[in-house]
Amino acid sequence: MNNYSVNQKTIRAQSTNGGKGISKLLWILGCSGIAVIAVIILLVAGVLYFNTSRHSNSIVFIREPLNSDSLRIGEPVPVRAVAKGDITQVEIWVDDQLIQFENNDIPGGVSPFPIITTWYPTHSGMHTISARSTDSSGKQSVNQVVVTVLDNQDSDGDLIPDHLDNCPEQAGTDAGLGCMDQDFDGIPDEVDACPDTAGMPEDGCPAPSENDRDGDGVTDPVDVCPDVAGSPGAHGCLDQDGDGYADTEDECPGEPGTTGACPTIDDMDSDGIPDGEDACPTSWGTANFAGCSDSDADGVIDHEDTCPTTSGSADNNGCPIPHGVLPPPPDPEDIEVAGDGSNPLQDMGFELAPPRYLELITLELSAHELEIRGDYQRVWCYLVIDGNARDPDYFEPSGQNFWNIDEVLGGDNSISIPHEETEPIPIILDCLGEENGGRVTQLVYQEISHGEADWTGRELYFATDDHNFILKYQICRGSCGDSQFQAPRLSPIIVGNFRQGPYRLYWQWDGRSANIDGFHVNHYRDGELIAVYNYGSTIRRIGIDDYVSPCGHTDEFEVYAYKFIEGTMLRSPSSNIEAWVADPCQYNAIVTFDSLDIHNPQQDEDGLYQMGPISGYLSAGDGEHNEWLDFEARWFSALDTRSEGLWLGEGIHSFQDIFDWIHREMASCLGRGCHSNDYFAPEITATHLQIEERQNIFIFAHISEHDTGITNPNEYIYYGRHTIHFDDLALNSPVRFVLEGEVANLIVVVELIEAQ
């Protein structure tokens, strides 16, 4: 069989079992010695041939990111892939660069074989991410997605990227979210009634306080110098140079500075290397790399390193060059096809005697429907029919747990083969399913045999003992189109003006009415059979006004012809399916970000397992419209030598408690320069969405901490995107979801309410 990528469908019969043909070959040899040698060679070649032909294809597919995703330079991109089929090695490539590979030494390989890595985009534009698997026989499978990487463009040069900048065409401040805020009170000048004086959030103007006896805007409980009007940045004490250090602690009170509160050399990133000699003046580095950083210590600085967190080689742009890795992945269309039809005995130079001719007829096998209990987003099946192997066919669900093979394969759902007239036809069915989480399971592996009595074109079906897997198909002498039990043909449902009815279902049937007893009409709702209606052999139309749903459901109809013979009912293949799709029902979804469960806190500069100060944003949406909850609970000096804010340790932290803490800190300091002026948070932790029935909800959260100094990097406390499926929600009953992360789990509660 051929080896194809997962998103490629190929339908072709190909011989992989030469046993019957070889056993019928007559070798003409001149002497007994030559005959013995030929037999030995024949046995060896036969074993090699069978072993080769029995080997199954490998399969690989990329689960994350998705095709056409838009990404940002520098932001981590999780890459996940899984391979199936005696896999010995899996590789992940970005364009022509290998970024991750894994292999194993288990004889015969393993299946499934997952691989996970992280890619940090460094260049904008279109990029191809490829996953390639290699099985134990050396055969390969390739799957690719194309993503777009966007620049963190900063049009106004205020060091706030445009996609986070509320005023992208005008330079502003962090406190003003990218807009001008000359008094640094967090209120943009354009809406600040007192733009030159730091004030309160309501209008930007200062407000008097009964608990501020020196009138400096810092309330007495947190004012270190409550009787002297001072600077909020110095906790209410005098700070004439405005560097955040009180004059009593400032060795240079008349000049803003950092260490000892005195000026230092011109060193923007505080790495000890003057900006004039620093190749990376805006990011901390070392003298070994002219002021740049090399996180993985491989000799390639981070902003030139394709794999900045994995030690690699300068010859490979900072990525590893492991032993035994294959060259860059080829285009899937260029992969060499395994099994070219040549016979290994002919390759050895033997001349084969003419075959013995058999009495053969043509049989057509057509597959029509597949029904599986379970949540599978894709199914693929390997078939061996009378010793002829088909390349795997891939099916996406036509409805819940239902696959319409006629529609999926578009006419390629049949195969015609020559077969001995008196021999049963053997079929090997091997099907696998991919669950929503990417896990691949074996659905069925079964050998089936059908004799002449089953070659009439009547509907056949195979079902497992538990009926979790049902396949409907037929076998016909000659062509199934000439079979007596032809399938009816449904016309589109006819409706009146403005979708108000009447609703009529029509069908055609080319056979004679006298040859059948009648028709069955199957009625499905959202993929589940809910009713079967019986009609006489002359009926070709029914009314379905009372059958279709008013909202939120899909009603489908199909028709069979049937006939009773000696007490046994025979059925034709099913007709095509015609559907009535009602307008979707509307719902209100309340998404509450409940808490953050930190289970793996990282160590900070002081050796404590505390993460902070923190900031982040939480988002819930339907894919087109999103609601955001942004919060900030951190302050750090301009030279990143000091920080203040909220630290979190191990345990469960309520988002409402976090937001309330931020609001208390914001209210404790009313004057200009208060560190808590940088803080902000919404009042509540809930978002409200309007969604349609069966519409999923997408959750995105980004919560990080900011560290100071050079000994400890900033960390993601939580970073992830998740899908909450509509089927997992309950009407008028809140459902709690735990979204797992490496450092912390995000806990959300979703309540679904029917819209009025």
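The values are calculated or read from the model by the stated rules, or taken from the named source; none is laboratory data. The structure displayed is predicted, hence computed values, not measured ones. Here the Cβ is made from the backbone with ideal geometry for all residues, glycine too, and neighbour counts use every protein chain on show.
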Taking region 733-756 and the residues there that are part of a strand (DSSP E or B) and polar (S, T, N, Q), the one that is nearest to LEU689 (Cα to Cα) would be SER733
For region 611-629, state whether one or more residues are assigned to a loop (DSSP other than H, G, I, E, B) and either buried (at least 18 other Cβ atoms within 10 Å of the Cβ) or aromatic (Phe, Trp, Tyr) (or both). yes
Could you tell me which residue of region 680-692 is farthest from ILE273 (Cα to Cα), considering only residues that are in contact (Cβ under 8 Å) with a residue 60 or more places away in the chain and surrounded by fewer than 17 Cβ atoms within 10 Å (Cβ to Cβ)? GLU692
Which listed residue, of LEU731, LEU746, is aliphatic (A, V, I, L, M) and either more than 30 Å from GLN586 (Cβ to Cβ) or buried (at least 16 other Cβ atoms within 10 Å of the Cβ) (or both): LEU746
May I ask you to verify whether GLU558 is of a type in the set (Asp, Glu) and in the same structural domain as ILE684 (by TED's automatic domain parsing)? no
ASN600: passes all of (1) in a loop (DSSP other than H, G, I, E, B); (2) under 30 Å from ILE691 (Cα atoms); (3) of a type in the set (S, T, N, Q) but (2)
Hits in region 673-726 - residues which are within 26 Å of ASP604 (Cα to Cα), in a loop (DSSP other than H, G, I, E, B) and polar (S, T, N, Q): THR708, THR711, ASN712, ASN714
Please go through (1) surrounded by 20 or more Cβ atoms within 10 Å (Cβ to Cβ); (2) on the phi < 0 side of the Ramachandran plot for GLY645 and return the number of the only condition it doesn't satisfy. (2)
Members of region 637-672 found to be in a loop (DSSP other than H, G, I, E, B) and among the β-branched types (Val, Ile, Thr), listed by number: THR641
Just a yes or no: is a residue in region 7-17 under 24 Å from PHE395 (Cα atoms), in a loop (DSSP other than H, G, I, E, B), at pLDDT 50 or above and within 22 Å of the chain's Cα centre (by Cα)? no
Going by the conditions given, is ILE106 at pLDDT 50 or above and assigned to a strand (DSSP E or B)? no
Can you give me the number of residues within region 600-627 that are among the acidic types (Asp, Glu) and either touching a residue at least 12 places away in the same chain (Cβ under 8 Å) or touching a strand residue (DSSP E or B) at 6+ places or on another chain (Cβ under 8 Å) (or both)? 4
In the set THR117, THR122, which member is modelled with pLDDT of 85 or more and either of a type in the set (Val, Ile, Thr) or not assigned by TED's automatic domain parsing to the domain that holds ASP135 (or both)? THR117
Those residues that are polar (S, T, N, Q), under 22 Å from ILE753 (Cα atoms) and out of contact with any His (no Cβ under 8 Å at 6 or more places or on another chain), I need them from region 580-620; list them, please. GLN586, THR592, SER619
Working only within region 413-448, note down all residues that are over 21 Å from ARG571 (Cβ atoms), of a type in the set (S, T, N, Q) and over 29 Å from the mean Cα position of the chain (by Cα). SER416, THR422, GLN446
So for region 85-94 (the condition being in contact (Cβ under 8 Å) with a residue 12 or more places away in the chain, surrounded by fewer than 17 Cβ atoms within 10 Å (Cβ to Cβ) and closer than 23 Å to GLU435 by Cα), does at least one residue qualify? no
Across region 109-127, what is the total count of residues that are in contact (Cβ under 8 Å) with a residue 24 or more places away in the chain and outside any loop (DSSP other than H, G, I, E, B)? 10
Just checking, does region 163-174 include any residue being under 24 Å from the mean Cα position of the chain (by Cα) and of a type in the set (Val, Ile, Thr)? no
